[in-house]
Every structure is written in structure tokens, then in C-alpha cells.
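Undergrad: Please read through the structure below; I'll follow up with questions.
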Amino acid sequence: MDPSSSAIKIENVWKVFGNTSNEALDAIQNHKISKTEALEKYNSVIGVSDVSFDVKQGEIFCVMGLSGSGKSTLVRHINRLLEPTSGKILINDQDVMTLGREDLQELRNKKIGMVFQNFALMPHRSVVDNIAMPLEIRGISKNDRLDAANKILDIVELQGWGNKFAHELSGGMQQRVGLARALAADPEFLLMDEPFSALDPLIRRQLQSEFIKLSKQMKKQLFLLLMI
Ligand SMILES: Nc1ncnc2c1ncn2[C@@H]1O[C@H](COP(=O)(O)OP(=O)(O)OP(=O)(O)O)[C@@H](O)[C@H]1O
Ligand SMILES: [Mg+2]
């Protein structure tokens, strides 16, 4: 890894929600209209407003912001779950907007893991089946993927819970299943949207240290979004 090269580069990203987002963005940039005017005149909501930063290889990068400031919106651009109204997103120097279908699938399934703020689990699947999902998508055999999922259960302190349905777990436990699923994918980058928010202070601290340790050991790039 070249420590000076960019892993994730965000260049002047704007995301405006609404049917006339381009017109709204033009008015925001050229006529300096306010958020309220954008909403009233264009029925548009500003999700991300001119964000630029550069995450170097090996760096753990945190973005903090108030509720509603655009963290979840921003992070969804990195694996192109959302497309910017304007601006550029580069992963290892490649513009994600230029990726074809297959490369985009590869990016989402292998290269980038994501821990969603709302966990996004399959409620009627067991805990291990949820954790093993990224491996299932890759066509890894049932035995191998369940073996891998069971090992990760220990890391997130959910030993013995593997056969329960996801919906039978508490919020904090579900959050840990989401973390475990992201680890199972063994991605190069891990995007984590408020990944420890539902945990009690004790297990939060424990998992935070565990993740920092893992990111060093497994040479993972962590990108954290935290609320303040
Ligand atoms: N799909 C959408 N359609 C319209 N507006 C949206 C959409 N998603 C987000 N927004 C708006 O974008 C802004 C930023 O929301 P976002 O969820 O990114 O904030 P956040 O920083 O993640 O907040 P929190 O800390 O509460 O999770 C909000 O005003 C929100 O209403
Ligand atoms: Mg959010």
C-alpha cells in the first residue's frame, strides 16, 4: 500500500433530492438560494452540500455530524447506492460513476462492505444465515459459509445466538449481526454508518477496540460515520 495515495476521494459532491434537482442545484450554486427557498421553489432537499475529502490508504476516517446533516446520504455515494447531483467519487483512483454493471457488483459484493444505520437484516433468516449472506451471494458452499459465520459470531460476542431469527434479537444485538455480516464479506473497505449507536457503553468500547485491531490486522480501510 502506498500511504500517500488516495483510497477514497470525494470531490465537490452535491446531492439534491427532488424531481428538479438539477435546476435546484443551479439556483443554489449560481443564485445562492437558501435551503428553505430550494424546498419552497423547487421542492428539493439538500442532502449533501459540496463535500470534498481524501482518505489515504490505511487511514481510519471518521465523519461526524448532527442528525440530518447528510452522513447516511454521503456514505451511500461511495458504493453508488446513490448517484451525486454533481461531483466525483473515486475509489482507488477509479471514478465509481464509470463502472459497468459487473464492476459495480464486484465493488459492492467484494470490495466494499457496509454496516447500515438501520441494520438492514433479513428478519426471518437466522443470525448465521444473515451473517453468511455476502458469502452466499458469492456462491460459497453452505458448510464453508456457515463455518465462517460461526467464527465471526465470537468477535461480536453473539456465541450461542446463531440459530435464532434476526427479529428475535434486541436492537444492539441486531446491530452486532450487521457488523458481523460486514466482516464476513472480508472487504477491503468497510463503510460504517453509526455502527455502534445501539450498543451499551461497555460493549461499544469493546467492539470499537476490536474493530480498530481487526482493521490493522486485516489491512482494512475503515470509514466511520458517527453522530454528534
Ligand atoms: N431519499 C431521500 N429523499 C429525500 N430526502 C432525503 C432522502 N434521504 C435523505 N434525505 C434528506 O437528506 C438530509 C440528510 O439526511 P441523512 O439521512 O443523510 O442525515 P444523517 O446525517 O445520516 O442523519 P442521522 O444522524 O439522523 O442518521 C435530510 O434532510 C433528509 O431529509
Ligand atoms: Mg444517518
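Undergrad: Name the residues in region 34-51 that are part of a loop (DSSP other than H, G, I, E, B) and surrounded by fewer than 18 Cβ atoms within 10 Å (Cβ to Cβ), would you?
TA: Hits for region 34-51 are Ser34, Asn43.
Undergrad: So which residues in region 7-22 are in contact with an Asp or Glu (Cβ under 8 Å, 6 or more places away or on another chain) and either under 22 Å from Phe189 (Cα atoms) or within 16 Å of ligand 2 (Cβ to nearest atom) (or both)?
TA: Ala7, Ile8, Lys9, Ile10, Asn12, Val13, listed by residue number.
Undergrad: Quick check on my filter: what residues within region 53-81 are over 12 Å from Leu191 (Cβ atoms) and in contact with a Gly (Cβ under 8 Å, 6 or more places away or on another chain)?
TA: Residues satisfying the conditions are Gly70, Thr73.
Undergrad: Which residue pairs have Cβ atoms closer than 7 Å, lie 6 or more positions apart in sequence or on different chains, and pair a first residue in region 71-94 that is in contact (Cβ under 8 Å) with a residue 12 or more places away in the chain with a second residue that is within 15 Å of ligand 1 (Cβ to nearest atom) and among the hydroxyl-bearing types (Ser, Thr, Tyr)?
TA: Pairs found: Leu82/Thr73; Thr85/Ser21.
Undergrad: Would you call Leu224 among the aliphatic types (A, V, I, L, M) and more than 15 Å from the chain's Cα centre (by Cα)?
TA: no
Undergrad: Being within 15 Å of ligand 1 (Cβ to nearest atom) and of a type in the set (D, E, K, R) is the filter here, so list the residues in region 46-71 that pass it.
TA: Asp50, Lys71
Undergrad: Which residue pairs have Cβ atoms under 8 Å apart, sit 6 or more places apart or on different chains, and have a first residue in region 96-117 that is in a helix (DSSP H, G or I) and a second that is of a type in the set (Phe, Trp, Tyr)?
TA: Hits for this filter: Lys111/Phe189.
Throughout, read-outs are computed from the coordinates displayed, never taken from laboratory work. Please read these numbers as outputs of a predicted model, since none were measured by experiment. No Cβ is skipped: glycine too gets one built from the backbone with ideal geometry, and neighbour counts run over all protein chains shown.
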